[in-house]
């Protein structure tokens, strides 16, 4: 349960809107009618999120914000202001405020911001515990495992956390790169400063530069006021850029400059902005290969790769699979109000034999599905999704869950508060179905399937590898190659 603190001398309407927005989520709203009262509440029991009016009876909102930063700079602060207060709100963003809203509040925007800011707060505060046994902790996002390769990951986190240098985390999708990034942040010298994460693949190319570096008023159509980007907003803290391998080539020189000089310009501006951030990046791409092929700047790759951590895929982690299964069954049983206490040997054997192309993220998803079907205290093979029947052969596209994918049902099953990767998971399942049907249509001919999909054959092959899919027959392509 999260606590939202509203600091406002006339809080009735805004407080009611906050309570209405979070209704049913178990969060609570506290109110302070002055800056002094808000600071006292913050010091005594730091909230998860603060809404702060710029105009208070005893002091300005900016003064209160600066004091909040001294108490705990990790608390996301959203300013609430009138249109006339826009300049002050932008100044607050430059000092690290999370965002600002204009009165009267847009409830749709409010709902989105609360969810986003609470997730940021959770990432900063909830330990990314490195634990060797599933019983050591019961924290969402904890790094669990004791195989040899994971022990090397733990050592690497310990070596680099306090060094304040860039870190590149590599590994297949779903291996837990975000948890490793949080562990580096939490054990580093900036652990009391903000931590912001951004997925470069999830933001349209034309918006990503503004999201990272901000823009000036009039920089492009719709830019009706100055925007402060993540690198300026997170001054003094840590930025985690997930899927940096998908960042457009045109934007990569600005990232390189930030790494080298800690300076940049906002989109449409000439003012040089200075910042002080630590950059942690992650990708499932092979950046060394991509740089040779001209898809990623080699100088940026070398700069990012000063210290690299490679995460092993779940299929190579041996007994860690059983440990992770028990860990997630315990946690998800509580979250989903199920009474499953153990996993039968037969079910565990199927889970061990499966190839896990989606790694830990797929394991979490399938265990949630199984628990929702379960009855009684033991997780039996009959509760597992049909795709697990046949063990590792289920990596074949003909037996993936996308074979019978009902998209609406798939999404609805996952619409609950603890899910944080529904976008990626849904697109992954759609890709499974789309690629499978395209290959069936072409008789297994990858050249024809890629042409049907409107993508390069190399892209199709890469997607097949990422999804753990394989074509069961070789077919001569139009140019004579084996597909």
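FYI, it's all coordinate maths here, none of it is from the lab. Because the structure is a prediction, the values reported are computed rather than measured. Backbone-built Cβ (ideal geometry, glycine too); neighbour counts: all protein chains shown.
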Computed P(r) (all Cα pairs; the range 130-312; 5 Å bins; percent): 1, 8, 16, 20, 20, 15, 10, 6, 3, 1, 1
Stokes-Einstein diffusion coefficient of the range 260-327, Kirkwood radius over Cα pairs, 20 °C, 1.002 mPa s, in µm²/s: 136
Taking the chain and dividing mean pair separation by its residue count, relative contact order in percent (alpha carbons under 8 Å, at least six apart): 11
Estimated FRET transfer efficiency (residue 9, residue 295; beta-carbon r; R0 60 Å; 0.05): 0.65
Principal-axis tilt of helix 12-21 within the chain, Cα atoms, nearest 10 degrees: 0
Helix-derived mean residue ellipticity, 222 nm - over the chain, DSSP H n ≥ 4, -39500 (n - 2.57), to 500: -12500 deg cm²/dmol
Cα-based Kirkwood hydrodynamic radius, the range 139-207, one decimal, Å: 13.6
Largest-first principal axis extents, alpha carbons of the range 3-125, Å: 34, 30, 25
FRET efficiency estimate (nearest 0.05) - Cβ-Cβ, residue 250 to residue 456, R0 22 angstrom: 0.65
Rounded tilt (10° steps) of 359-373 against the dominant C-alpha axis of the chain: 90
With Cα atoms, 0 to 90° folded angle of helix 252-261 axis to the chain main axis: 50
Approximate spin-label separation residue 165-residue 346, in nm, with each point projected 7 Å along Cα-to-Cβ: 5.3
R0 of 56 Å, Cβ-Cβ distance residue 67-residue 441: FRET efficiency to nearest 0.05: 0.30
Residue 125 versus residue 217: modelled label distance in nm, points set 7 Å from Cα along the beta carbon direction: 3.6
Burial ordering of 306, 80, fewest other beta-carbon atoms within 10 Å first: 306, 80
Whole-angstrom gap from the range 437-451 to the range 307-358, using each part's C-alpha centre: 34
Whole-number Å³ per residue for the convex hull built on Cα positions in the range 331-393: 73
Ranked packing of 10-19, 232-241, 162-171, most packed first, by mean Cβ within 10 Å: 232-241, 162-171, 10-19
Of (i) 1.20; (ii) 1.05; (iii) 0.93, the label for Cα Rg over 2.2 N^0.38 Å derived from the coordinates: (ii)
Least to most buried among 290, 356 (fewest other Cβ within 10 Å first): 290, 356
Taking 289, 378 and counting other C-beta atoms within 10 Å, the order from fewest to most: 289, 378
Approximate spin-label separation residue 149-residue 427, in nm, with each point projected 7 Å along Cα-to-Cβ: 2.5
